[in-house]
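Student: Pasting in a structure now, in structure tokens, and then I'll have a few things to ask.
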Amino acid sequence: MQVFKSFLLIISVCFPLITFAQPPKGLHWAADGNSYYETSADGITNIQMPSFTQTTVVTAQQLTPSGAAQPLLVRNFFFSSDGKKALIYTNSKKVWRYDTRGDYWVLNTTDNSLKQIGKTLPASSLMYAKFSPDGTNVAYVSNHNLYVEDLNTGAVKQLTTDGTDRMINGTFDWVYEEEFDCRDGFRWSPDSKTIAYWKVDATKIPNFLMIDNTDSTYPFVKPVEYPVAGVDPSPCYVYTVDIASGHSTKMNIPGDAQQHYIPRMGWAANASQLIIQQFNRKQNEVKLMYCDAATGAASEIYTETAKAWIDNKNAWAYNNFKTGWEWVKNGSAFLWVSEKDGWRHIYLISRDGKKETLLTNGNYDIITLNGYDDKSGYAYFMASPNNATQQYLYRVKMDGKSKAERLSPAEESGTHDYDLSPNGLYASHAFSNINTPPVEDWVSLPQHKIIKQGERESYGNNLPHADMFQVTTDDGITMDGWMVKPANFDSTKKYPVVFYVYTEPASQTVKDEYGAAFNFLYNGSMADDGYIYISLDGRGTPAPKGAEWRKAIYRNIGRINIRDQGMAARKIIQWPFVDTSRVAIWGWSGGGSTTLNCLFQFPDVYKTGISIAAVDYQLTYDNIYQERYMGLPQENKEDFIAGSPVTYAKNLQGHLLIVHGTGDDNVHYKNAEMMINELIKYNKIFQFMPYPNRTHSINEGEGTTKHLRNLYTTFLQQYCPPGGR
């Protein structure tokens, strides 16, 4: 599920010896970790650490095709393992969320030749192109088929032929991308002779039809393959293909392919075996297995089960590393993250799966695994054992005997982000807290010595002061929150309160980082206008408070998270400076659902609500997300209904604005109309704003963002007037 926050800090990680053909989200570190690469007006530059000496390794002239006046516009780039060739990604186009298809060119720095690959295929259709480890071939996906191109001869071999809009080779369908972060769907073997790839059969997934009323005289429909909760998933398979012969071999993964997921796959630190992670449909059982790349024979090595659900890697890994594997000790073991003891910990698992060693011992969660260095024997991770709203960098020896060591400075209390070099010796570092604007610098580790001071970011430096606080409900639940009080606050007056919510497992809203308390939809300053602005994280949010906290929401979305919000709000409106007649709530996506549920289930508390792109009926949302947290509708449909806002629409007493994009491929517009029908049925008065053909982000089209901000602000000020009284 997409999450919309008021402010984003860009964070990234680096794992060694892994290359994924995705748009860049972090630094292009050199394999040895002692330098990195970046694009510039001059071409591609190498920056040496720690001196920051810059050397142009690819010039703009080298990036200019024959007969062209301008160099290629570089969206991303990759070097072959010997550094003699560069793969240039350009002319990129979006596939759902990210611009993952485009054109690719190969620059041979030996003879300065620059050649487009896949040039007989449609423009901007190539996806995830990458060099073979020996640098002699490039493989890529186009129109759901896999190709390999010989860089010496220019010969192109089509490795799969059954690709269609629904038979997908080398990449994934909508729901795998949305919920598992699976996009790049093939892997070169270390010996460059074989490619392992996913095949997703979405032929039986029903179309969700979105109506376009504005882009032609006659309306037309846009079909999206979309499996809602209760619909069988797309069968997913793994194959290997021999580059020389073009012959594909199916991996004989046990279990019904339509009742399981395969979100992770990779080469098992050799050229003869794959390692595969398989989830059951409920995602409360995970199995790891090896597959013989030549025969397809599978052998299970590790199993884990849970009463609720088991998080996939995209819950605890950054950016481009959400489907790979962390092999250590020369391939004799790998890193594994689990909550099996009640806390999210890093384990070292032996290659045969029989021995596991706990590396992060203690009653605390790791937030993310940020990197590892086999040579030094350290794993790096983010954690905050004493405050669930913050995060710090730690490292721990991969021997199971050592205590974790905090590397972030003790005097910098708040949120730290790092892009680590593969050897763990250097990092791009950013720090902020709720009242300290981001400070960026470069550090050497483990001393955390600043080797280059960055500039303080200029955006948003005039944000009003915010306070971090906690509130304990009558149920005994202690919740973290932040609060922005009005400027010139007068405790003898009563002020309106606006709550910002999300409350589901996909995101925290309460973080001790700069901008977390900024309302990006409000025109002007809420503090100057006289609002109290608050957000609270209750049970079910992914805060580092232990598995029991996070998993309490299982089969209870729309109930336990709503009760936590409502009970906490009841405490807050008892504060002497709060005007109980002016209490508003708003949220987007899952936060929109929470807004509706709070407004309907706690009408004595919330008087005004703005719900944007909400899931109004849980059985309309995708199966991977909704079934992970709610179970299977075939077994407990009543829980889905009991947590859905439409169930409680008859209780509306306050003022409500519903906003939805009619072109939302994520949370479909159908949700809004279901809610509208229910409100009409009970003669409830409300306001509604559909945005034609806008997606879940409602930012397409001239004037859209400005209009939405004006709409939001006008409605809030009309029905929850600002200022102390």
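The values are calculated or read from the model by the stated rules, or taken from the named source; none is laboratory data. Being a predicted model, the structure only gives us computed values, none of them experimental. Positions of Cβ are backbone-derived with ideal geometry, glycine not excepted, and every protein chain shown enters the neighbour counts. What goes into the accessible areas is simple: the full protein's heavy atoms, side chains included, and nothing from ligands, DNA or RNA. Shrake-Rupley method; radii C 1.70, N 1.55, O 1.52, S 1.80 Å.
Student: Within the stretch 628-648, identify whether any single residue is more than 29 Å from GLU179 (Cβ to Cβ) and of a type in the set (S, T, N, Q), and answer yes or no.
Tutor: Checked the stretch 628-648: no residue is more than 29 Å from GLU179 (Cβ to Cβ) and of a type in the set (S, T, N, Q).
Student: If you don't mind, there's one more thing I want to ask. Just the residues that are buried (at least 23 other Cβ atoms within 10 Å of the Cβ) and either more than 20 Å from TYR531 (Cα to Cα) or within 32 Å of the chain's Cα centre (by Cα) (or both), please, taken from the stretch 483-504.
Tutor: VAL484, VAL497, VAL498, PHE499, TYR500, VAL501, TYR502, THR503, GLU504
Student: May I pose another question? So if I check each of SER92, SER12, which one is modelled with pLDDT under 95 and part of a loop (DSSP other than H, G, I, E, B)?
Tutor: Every option except SER12 fails the conditions.
Student: If I go through the stretch 325-382 residue by residue, how many of them are within 21 Å of the chain's Cα centre (by Cα), more than 16 Å from ALA547 (Cβ to Cβ) and not in a strand (DSSP E or B)?
Tutor: Selection size over the stretch 325-382: 2.
Student: Now, a different point. If you check ALA543, ALA614, ALA584, ALA568, which single one turns out to be in contact with a Cys (Cβ under 7 Å, 6 or more places away or on another chain), open to solvent by less than 10 Å² (accessible area, probe 1.4 Å) and on the phi < 0 side of the Ramachandran plot?
Tutor: That would be ALA584, the only listed residue that is in contact with a Cys (Cβ under 7 Å, 6 or more places away or on another chain), open to solvent by less than 10 Å² (accessible area, probe 1.4 Å) and on the phi < 0 side of the Ramachandran plot.
Student: Next question. Being within 20 Å of ASN386 (Cα to Cα), open to solvent by 30 Å² or more (accessible area, probe 1.4 Å) and either of a type in the set (S, T, N, Q) or assigned to a strand (DSSP E or B) (or both) is the filter here; which residues of the stretch 403-432 pass it?
Tutor: GLU405, ARG406, SER413
Student: Separate question: Kindly provide the set of residues from the stretch 531-571 that are assigned to a loop (DSSP other than H, G, I, E, B) and touching a strand residue (DSSP E or B) at 6+ places or on another chain (Cβ under 6 Å), ordered by number.
Tutor: Matches in the stretch 531-571: TYR531, GLY538, ALA543, PRO544.
Student: Tell me which residues, restricted to the stretch 668-678, are outside any loop (DSSP other than H, G, I, E, B) and either open to solvent by 40 Å² or more (accessible area, probe 1.4 Å) or more than 27 Å from THR580 (Cβ to Cβ) (or both).
Tutor: LYS670, ASN671, ALA672, GLU673, MET674, ILE676, ASN677, GLU678
Student: Also, I was wondering about something else. What's the number of the only condition in (1) open to solvent by 20 Å² or more (accessible area, probe 1.4 Å); (2) farther than 27 Å from PHE208 by Cα that TYR712 fails to meet?
Tutor: That leaves (1) as the condition not met.
Student: How many residues does the stretch 617-638 hold that are touching a strand residue (DSSP E or B) at 6+ places or on another chain (Cβ under 9 Å) and either free of Cβ contacts under 8 Å to residues at least 40 places away in the same chain or outside any helix (DSSP H, G or I) (or both)?
Tutor: 2
Student: Ok, one more. Name the one entry in ASP111, ASP134 that is acidic (Asp, Glu) and within 20 Å of LYS193 (Cα to Cα).
Tutor: ASP134
Student: Additional query: Given the conditions (1) touching a helix residue (DSSP H, G or I) at 6+ places or on another chain (Cβ under 9 Å); (2) open to solvent by 10 Å² or more (accessible area, probe 1.4 Å), and given that TYR176 satisfies all but one, which numbered condition is not satisfied?
Tutor: Among (1) touching a helix residue (DSSP H, G or I) at 6+ places or on another chain (Cβ under 9 Å); (2) open to solvent by 10 Å² or more (accessible area, probe 1.4 Å), TYR176 violates only (2).
Student: Hey, among the residues in the stretch 229-267 that are under 19 Å from GLU179 (Cβ atoms) and part of a loop (DSSP other than H, G, I, E, B), which one's most open to solvent (accessible area, probe 1.4 Å)?
Tutor: Top of the filtered list is ASP232.
Student: Hey, can you tell me all the residues within the stretch 346-373 that are of a type in the set (Asp, Glu) and crowded, with 19+ Cβ neighbours inside 10 Å?
Tutor: Result: ASP365, ASP373.
Student: Follow-up question, since we're still on this one. When you check ASP579 against the structure, is it at pLDDT 95 or above, among the charged types (D, E, K, R) and open to solvent by less than 10 Å² (accessible area, probe 1.4 Å), yes or no?
Tutor: no
Student: Sticking with this structure for a sec: I need the full set of residues from the stretch 133-152 which are over 18 Å from SER113 (Cβ atoms) and part of a loop (DSSP other than H, G, I, E, B), in order please.
Tutor: PRO133, ASP134, ASN143, HIS144
Student: Does the stretch 195-203 contain any residue that is surrounded by fewer than 19 Cβ atoms within 10 Å (Cβ to Cβ), more than 17 Å from VAL95 (Cα to Cα), touching a residue at least 12 places away in the same chain (Cβ under 8 Å) and polar (S, T, N, Q)?
Tutor: yes
Student: Do any residues in the stretch 705-719 that are on the phi < 0 side of the Ramachandran plot have Cβ atoms under 6 Å from those of residues that are open to solvent by 70 Å² or more (accessible area, probe 1.4 Å), where the two are at least six apart or on different chains, and which pairs are they?
Tutor: Note: pairs meeting the criteria are THR705/ASN699; TYR719/HIS655.
Student: When SER132 is evaluated against the numbered criteria (1) open to solvent by less than 20 Å² (accessible area, probe 1.4 Å); (2) within 30 Å of LYS222 (Cα to Cα), which criterion, by number, is the only one it fails?
Tutor: Of (1) open to solvent by less than 20 Å² (accessible area, probe 1.4 Å); (2) within 30 Å of LYS222 (Cα to Cα), only one is false for SER132: (2).
Student: Restricting to the stretch 679-709, count the residues that are part of a loop (DSSP other than H, G, I, E, B), of a type in the set (A, V, I, L, M) and open to solvent by 80 Å² or more (accessible area, probe 1.4 Å).
Tutor: Residues that pass the stated criteria total 1.
Student: I'm trying to understand the selection: among the residues of the stretch 180-208, which are in a loop (DSSP other than H, G, I, E, B) and either under 23 Å from the mean Cα position of the chain (by Cα) or more than 22 Å from ASP82 (Cβ to Cβ) (or both)?
Tutor: Hits for the stretch 180-208 are ASP181, CYS182, ARG183, ASP184, GLY185, ALA202, THR203, LYS204, ILE205, PRO206.
Student: Tell me the residue from LYS119, LYS85 that is surrounded by 15 or more Cβ atoms within 10 Å (Cβ to Cβ), of a type outside the set (S, T, N, Q) and more than 27 Å from LYS449 (Cα to Cα), please.
Tutor: Result: LYS85 is the single residue among LYS119, LYS85 that is surrounded by 15 or more Cβ atoms within 10 Å (Cβ to Cβ), of a type outside the set (S, T, N, Q) and more than 27 Å from LYS449 (Cα to Cα).
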